[in-house]
Structure formats: structure tokens, C-alpha cells
Amino acid sequence: MSTPGVELRKLVTYLDAFLRIREIPDDANALNGLQVENSGTVSRIVAAVDASQATFDGLVIPGASGAAVGPTLLLVHHGMFWDGNQPVSGRRYRRLRSLLAQDAALYAAHIPLDLHPEVGNNVVLARELGLTDLTSFGTHKGVDIGLAGVAPAGLTTRTALVSRLASLLRISPDNIRVIAGGGESVGRIGVITGGAGSAIAQARAAGCDAYITGEGAAHTYFDAMEAGLNVFYAGHYATETVGVRALADHLGERFGLPWEFHDHPTGM
């Protein structure tokens, strides 16, 4: 029995307000909100980190001659237009063709999802780590984005934090790059997912002795060492799987739609 459809318009109106899509500043090419519409209804939700060809190809039923599962809303963190204003040819054409052929709408939420207080990447990861007494730190385009909190019992060493992070993000501990700028003990942990190595100084100023993000430039090694801060680079992709999962779960529950997460790890 197929799931009754929900109007795409209703879902988009709700998401725009829930995520404050029009209020939160972001990079111009993020194009937050509905990026590609479909025929007008949605019977399932798929969440993914990136609007990649692999993600689009994964929307079909395996072995079913490319048959779509049903009208789909694809929620992503990184949208389809990061390369700017490009002709609809080559790679751009293939992506759009895949979405249209499968009656799949595409909705992207970048910084609005990072900093959302309920389903955001930062708050979800902080919550799953068990951090308490959360306070904001770090800014992006003038908006508070990061969270810092007290490490719970059992998570007060670098070794324990690596193990817990790996388990939460479903990656190998070997994939977490640790810059041991501080001591082995961990007391206050800052979190900004994705590519926020540039916020090391802000984490230290917020009283953190440990800072979790996805990745950073080469010079951030020295930033961390000279600041006396333990930095954990757990991968841009891996750290940003948590928000789209939480958003899809929230939206699915609210509108009675099934949802699933499609994993296309980059190793970065």
C-alpha cells in the first residue's frame, strides 16, 4: 500500500519557516530552500549530505530498470549549485535529468541547518555527545553558529572522545585526526561541524580545551598547538550526517511520511 502524498508546497512552506531559510545569511551559491520542484506531491523523504550524482542515482529501486520509488523530497545539506551560475549542460544537465525523471524535488539547507536549535548539525552532535550547560560561540556572517558544553563523565579524555565520536558518526577512530594541542584531560568541548578549522581561536576564547569540527587548513595545526587546544577533525562529511537525519525524522513524523538516509561518504 503506497503512502498518501503530501503537497510539496506545504512541506516547503513549513521547512522555510522552521529553518528560517530567508533570515539566516549564507554563501550566495548555497541557494537555501527549494532548488528543484517535482510534480507537486511527496510520498517519501530521502536525506543525504550532498546533492551529488550518486545521491540522485540512489533514489531509484535497485534492479528495477530505473523505476522511481515514488514522488520524493530529497533533503540535502550541500545543494546543487555550489559551482555557481553554469549552463544546463554536462554535469548540471545529468543531475537535473535524474531528478526530473524520478519526480524528485530537491531542498537544501546549509547554514540554517548547521545552527538550528533543534535539528541542527551542531546541537544534535553536542546532544548525542552528552554535553551539558551549552552556550553558543563562534560566528558566521555575524550569526552565532557553534555550541560549547561540559563533557559528561566518561568523556573527559582525548582517547574517550575519539572513541565516542567514531561510534556516533559511524566511522573508524583512525579517520579522526587529532591535533593534541592541549592535555589528555577534556573538560569543555566546542562543536562546529563541517569545515570550521578557522574557528579554533573562537573555541579557545570560549573556554574550550577540546574542539570538534570536520576539517581545517594546514596552518590550523599550529593554531591549535599554540592555542593549547585539542582539535578533532572528524571529517566534513561525517560530522554533517547528523543534521539531515534529524531534519528528515522531524519532517517525516510531522507529516506522516517515511524517510531514509542515503549514505555517500567522501572520506573527507
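Couple of notes before you dig in:
- Residue match in the range 79-97 (condition: among the acidic types (Asp, Glu) and either modelled with pLDDT under 90 or farther than 23 Å from Ile21 by Cβ (or both)): no
- Selection of the range 142-167 for residues being crowded, with 22+ Cβ neighbours inside 10 Å and in a strand (DSSP E or B) yields Ile145, Gly146, Leu147, Ala148.
- Subset of the range 215-231 that is within 20 Å of the chain's Cα centre (by Cα) and surrounded by 22 or more Cβ atoms within 10 Å (Cβ to Cβ) - its residue that is farthest from Asp114 (Cα to Cα): Val231
- The set of residues in the range 107-141 being assigned to a helix (DSSP H, G or I) and either more than 19 Å from Val242 (Cβ to Cβ) or β-branched (Val, Ile, Thr) (or both) consists of Ile111, Val123, Val124.
- Here Ser198, Ser163 are screened, and the one residue that is under 24 Å from Asp50 (Cβ atoms), assigned by TED's automatic domain parsing to the domain that holds Ile145, of a type in the set (Ser, Thr, Tyr) and at pLDDT 95 or above is Ser198.
- Residues within the range 168-179 that are surrounded by 13 or more Cβ atoms within 10 Å (Cβ to Cβ) and touching a residue at least 40 places away in the same chain (Cβ under 8 Å), tallied: 8
- With respect to being over 24 Å from Pro265 (Cβ atoms) and in a helix (DSSP H, G or I), Thr13 fits the description.
- For beta carbons closer than 6 Å, sequence separation of 6+ or different chains, a first residue in the range 13-31 that is over 22 Å from Val42 (Cβ atoms) and a second that is part of a loop (DSSP other than H, G, I, E, B) and among the hydrophobic types (A, V, I, L, M, F, W, C), the qualifying pairs are Asn29/Phe81; Asn29/Trp82.
- Single match in Gly130, Gly183 (criterion: touching a residue at least 24 places away in the same chain (Cβ under 8 Å), surrounded by 14 or more Cβ atoms within 10 Å (Cβ to Cβ), more than 30 Å from Arg9 (Cβ to Cβ) and not acidic (Asp, Glu)): Gly130
- Residue count for the range 51-70, restricted to those that are part of a loop (DSSP other than H, G, I, E, B) and at pLDDT 95 or above: 2
- Any hit, the range 138-156, residues being more than 20 Å from the chain's Cα centre (by Cα) and free of Cβ contacts under 8 Å to residues at least 12 places away in the same chain: yes
- Qualifying residue in the range 169-184 (condition: under 17 Å from Thr241 (Cβ atoms) and charged (D, E, K, R)): yes
- Answer from Asp83, Asp103, Asp27, Asp57 - the residue that is acidic (Asp, Glu) and touching a strand residue (DSSP E or B) at 6+ places or on another chain (Cβ under 7 Å): Asp103
- Residues in the range 81-106 that are touching an Asp or Glu at 6+ places or on another chain (Cβ under 9 Å) and either buried (at least 21 other Cβ atoms within 10 Å of the Cβ) or part of a loop (DSSP other than H, G, I, E, B) (or both): 3 in all.
- Inside the range 1-34, residues that are farther than 14 Å from Leu75 by Cα, crowded, with 18+ Cβ neighbours inside 10 Å and over 17 Å from the mean Cα position of the chain (by Cα) make up a count of 1.
- Yes/no for Leu73 being surrounded by fewer than 22 Cβ atoms within 10 Å (Cβ to Cβ), within 20 Å of the chain's Cα centre (by Cα), in a strand (DSSP E or B) and not charged (D, E, K, R): no
- Residue-level analysis places Ala126 outside the set of residues that are at pLDDT 95 or above and outside the structural domain of Ala201 (by TED's automatic domain parsing).
- Selected residue [charged (D, E, K, R) and over 23 Å from the mean Cα position of the chain (by Cα)] from Arg170, Arg204, Arg177: Arg204
The values are calculated or read from the model by the stated rules, or taken from the named source; none is laboratory data. This is a predicted model, so every value here is computed, not measured. So basically every Cβ, Gly included, is an ideal-geometry build from the backbone, and we count neighbours across all protein chains shown.
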